[in-house]
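Colleague: Below are the structure tokens for one structure; questions will follow.
The values are calculated or read from the model by the stated rules, or taken from the named source; none is laboratory data. The structure presented is a predicted model; accordingly, all values stated were derived computationally and were not measured. Glycine also receives a Cβ, built like all others from the backbone with ideal geometry; neighbour counts cover every protein chain displayed. Remember, those area values only see protein heavy atoms, side chains included, never the ligands or the DNA or RNA. Shrake-Rupley method; radii C 1.70, N 1.55, O 1.52, S 1.80 Å.
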Amino acid sequence: MVSFRDLAKAGVLGNNRRIRDFILPYNNKRDYPLVDDKFLTSQLLLSKGIPHPKTRGIIAAISDTKNLHAQIKDAGEFVVKPAKGAMGNGIVIVEGVEWNESKKKTKIITTRQADMSYDEFIYYISMILSGVFSLAGQLDRAIFQEKLAIHPFFKEISYRGIPDIRVILFRGFPVMAMVRLPTRSSGGRGNLHQGAVGCGINLQTGKINGAVQENKRIVHHPDCGDRELVGLEIPMWKQVLSVAAQCSGLARIQYLGVDIVIDPIRGPLILEMNARPGLSIQIANKTGLLPRLQKVAMVDTKNMSAEDKIRFSLDNL
């Protein structure tokens, strides 16, 4: 059994120290809403010209669903998510709508284990609004967002959904990254808590250096054949780091998780940001965050550009 002393020697960052040494000193609590609310995040990214998925609509009250039946007639594929959701909870990926003039006969086809009737869909939206999936049960809004296409690289190593890349930024420096691959058990979503695969990424090369599912080491994706994950190189890796670094300074939050998807046409897009990124990224990378954070904490960042910080990370972390 691994002891706390062993973890400390390996430089593993624990939750208490993460809060004490990095979240509280470096993150301004007043700016949390900018990253906790996905709609506010999208508005912020839009104002700065940072690439991100398009928001197609927002529902703030159940009365906003009055004309929704007509609006989704030709909607095609889209994603519904709670603005204040956490850990991927509450997200519904819609692959199509079997529309009928009768609401009772309209079917919402999703990546979940069962499709939804129209009434079930409206009920699900009401759950989002009531705060079932939000941080601390806050009243929420439902965001309708475009459904992105999967990059060809990921088709053989992802089940139905689109993988996303988590980059941890500290003081604007990328310090660690992983890609989250949807699985059958995660319902086609990249949520590690629900069974998605987490793959550590070497910052310098963009290559996968390890893979875990539910904290257990794996070699292959459980639903996608026998192709080995370790050694695969993430496409557009330098662009991924560059787009992630653009998020530094948007809010006074210096310890930040940035989630990115790679669109086959538009390239890397910011999906969302997180002021309290989880620590399982260390398991996926088989290394601790603490030494990297401590090294970055000592850097004099005066006159350093975002590209300078990326270069420092690639050379020193």
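Colleague: What number of residues in the range 7-63 are open to solvent by 80 Å² or more (accessible area, probe 1.4 Å) and not in a helix (DSSP H, G or I)?
Modeller: Of the residues in the range 7-63, 2 are open to solvent by 80 Å² or more (accessible area, probe 1.4 Å) and not in a helix (DSSP H, G or I).
Colleague: Right, another one. May I ask you to say which residue of Val167, Val179 is closer than 19 Å to Met273 by Cβ, out of contact with any Lys or Arg (no Cβ under 9 Å at 6 or more places or on another chain) and modelled with pLDDT of 95 or more? Before the answer, list the steps.
Modeller: On the way: Val179 fails: out of contact with any Lys or Arg (no Cβ under 9 Å at 6 or more places or on another chain).
Exactly one of Val167, Val179 is closer than 19 Å to Met273 by Cβ, out of contact with any Lys or Arg (no Cβ under 9 Å at 6 or more places or on another chain) and modelled with pLDDT of 95 or more, namely Val167.
Colleague: Quick one: in the range 279-311, which of the residues that are among the β-branched types (Val, Ile, Thr) and assigned to a helix (DSSP H, G or I) is farthest from the chain's Cα centre (by Cα)?
Modeller: As a first pass, look at the range 279-311 and keep what is among the β-branched types (Val, Ile, Thr): 281, 283, 287, 296, 299, 301, 310.
Subsequent filtering for residues that are assigned to a helix (DSSP H, G or I) retains 281, 283, 296, 310.
Details: Ile281: 12, Ile283: 17, Val296: 23, Ile310: 20 Å.
By that ranking, first place goes to Val296.
Colleague: Pick out the one residue from Arg311, Arg292, Arg276 that is charged (D, E, K, R) and at pLDDT below 95. Lay out the reasoning, then the answer.
Modeller: Details: Arg311 fails: at pLDDT below 95; Arg292 fails: at pLDDT below 95.
Result of the check over Arg311, Arg292, Arg276: Arg276.
Colleague: Out of all the residues in the range 222-277, which are assigned to a loop (DSSP other than H, G, I, E, B) and of a type in the set (Gly, Ala, Ser)?
Modeller: Restricting attention to the range 222-277, the residues satisfying the condition of being assigned to a loop (DSSP other than H, G, I, E, B) are 222-227, 229-232, 234-236, 246-252, 254, 264-266, 275-277.
If the condition is that a residue be assigned to a loop (DSSP other than H, G, I, E, B) and of a type in the set (Gly, Ala, Ser), then Gly225, Gly231, Ser248, Gly249, Ala251, Ala275 are the ones that fit.
Colleague: Another one. Any idea which residue in the range 17-37 is nearest to the chain's Cα centre (by Cα), counting only those that are farther than 14 Å from Leu279 by Cβ and aromatic (Phe, Trp, Tyr)?
Modeller: Checking each candidate, the answer is Tyr32.
To keep it simple, each residue is scored yes or no on (1) open to solvent by 30 Å² or more (accessible area, probe 1.4 Å); (2) among the aromatic types (Phe, Trp, Tyr).
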| residue | (1), (2) |
| --- | --- |
| Val80 | no, no |
| Gly96 | no, no |
| Ser102 | yes, no |
| Ala114 | yes, no |
| Tyr118 | no, yes |
| Arg141 | yes, no |
| Gln145 | no, no |
| Lys155 | yes, no |
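Colleague: Only residues that are within 27 Å of Ser313 (Cα to Cα) and open to solvent by 10 Å² or more (accessible area, probe 1.4 Å): list them for the range 165-190, please.
Modeller: First, pick out the residues of the range 165-190 that are within 27 Å of Ser313 (Cα to Cα): 165-181, 190.
Matches in the range 165-190: Arg166, Arg171, Arg180, Gly190.
Colleague: Is there any pair with a first residue in the range 64-82 that is in a strand (DSSP E or B) and a second that is open to solvent by 40 Å² or more (accessible area, probe 1.4 Å) whose Cβ atoms are under 7 Å apart and which are 6 or more apart or on different chains, and what are they?
Modeller: Qualifying pairs under 7 Å: Phe78/Arg56; Phe78/Lys147; Val79/Lys147.
Colleague: Could I ask something else about it? Is there a residue being closer than 30 Å to Met298 by Cβ and touching a helix residue (DSSP H, G or I) at 6+ places or on another chain (Cβ under 6 Å) anywhere in the range 52-61? Please lay out each step first, then the result.
Modeller: Step one: filter the range 52-61 for residues closer than 30 Å to Met298 by Cβ, giving none.
Within the range 52-61, not a single residue is closer than 30 Å to Met298 by Cβ and touching a helix residue (DSSP H, G or I) at 6+ places or on another chain (Cβ under 6 Å).
Colleague: So, of the residues in the range 254-278 that are hydrophobic (A, V, I, L, M, F, W, C) and within 10 Å of the chain's Cα centre (by Cα), which turns out to be surrounded by the most Cβ atoms within 10 Å (Cβ to Cβ)?
Modeller: Val258
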